[in-house]
Amino acid sequence: MDISDEVLVSRVLASRDQHAFGTLVRRYQSRVRNWLQQLARDPDLADELAQDTFVRVWDKLHTFTGKGKFQSWVMKIAYTIFLQSCRSKKRQRRLVTAMKDDPTVMTDEGTVTGNPGVVDLNRMLAVLSDEERHAMVLCYAYGYSHREASDVMGIPVGTVKSHIRRGTIRVRDRFDILEGAA
C-alpha cells in the first residue's frame, strides 16, 4: 500500500522525518532528472540540478500549501532551479567575454599587459575590502543594478556606488591601470 504524498509531506513537516522525505525523493527523482536532462541537454548538469531541486524542496517544504499536486510543486521548483542556472551561466559567459575583450589584463607579476589571454581576477579582487569586492562582483560579474546590489547587501544605493568607485580606484592604483583602460 503506497502512502500518499500528502501523508509523507505531513510526516516530514511534523517531525522532519527523513525516511518519509526519502520516499518522496525516490518517487520523483527520475521524473525530475529526466525533465531537467531534456531542458539542459547535459546529463551531469541534470544530476546537479536535480540534487539542488531536492535540497530546495527540503528547505521549502513548509511552503507547500497542498493546493495542487505535490509533483507539480516539485517540478516547478526544478524549473526554477534550471532557469537560475541558465541566468548564472549567461552572466558567467558575459563576464568571460568582457574579460577577453578588455585589452588591459593582469600578468602573474601584477603588471598590466595587452595580452587578452591572461587574466588574474582573483589578484585584482584581493586588493579590495570585503564590501568593495561584494559590490563590484554583484554589479560587474552578476549584472545586478546598484539598487539590486543594495538590496542584496542591505545597504543604501549610495554606499554601493561608493564601494564600487573606491574599489575601482584601488584596483587602478594598485595595478597602474589608466583611467580609460578599466
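The values are calculated or read from the model by the stated rules, or taken from the named source; none is laboratory data. Treat the numbers as computed from the prediction; the structure is a model and nothing was measured. Counting neighbours? That spans all protein chains shown, and the Cβs are built from the backbone with ideal geometry, glycine included.
Things worth noting here:
- Within the range 11-25, the set of residues being among the polar types (S, T, N, Q) and exposed (fewer than 13 other Cβ atoms within 10 Å of the Cβ) comprises Ser15, Gln18.
- No other residue among Asp2, Asp52 is modelled with pLDDT of 90 or more and either among the acidic types (Asp, Glu) or outside any helix (DSSP H, G or I) (or both) apart from Asp52.
- Output for the range 141-174, where each listed residue is in contact with a Phe, Trp or Tyr (Cβ under 9 Å, 6 or more places away or on another chain) and either touching a residue at least 40 places away in the same chain (Cβ under 8 Å) or within 17 Å of Asn122 (Cα to Cα) (or both): Ile164
- Number of the exception - Tyr28 against (1) at pLDDT 90 or above; (2) surrounded by 13 or more Cβ atoms within 10 Å (Cβ to Cβ); (3) closer than 30 Å to Cys139 by Cα: (3)
- Contacts under 8 angstrom Cβ, first residue in the range 3-22 being in contact (Cβ under 8 Å) with a residue 60 or more places away in the chain, partner of a type in the set (Lys, Arg) and not in a helix (DSSP H, G or I), 6 or more apart: Asp5/Lys69
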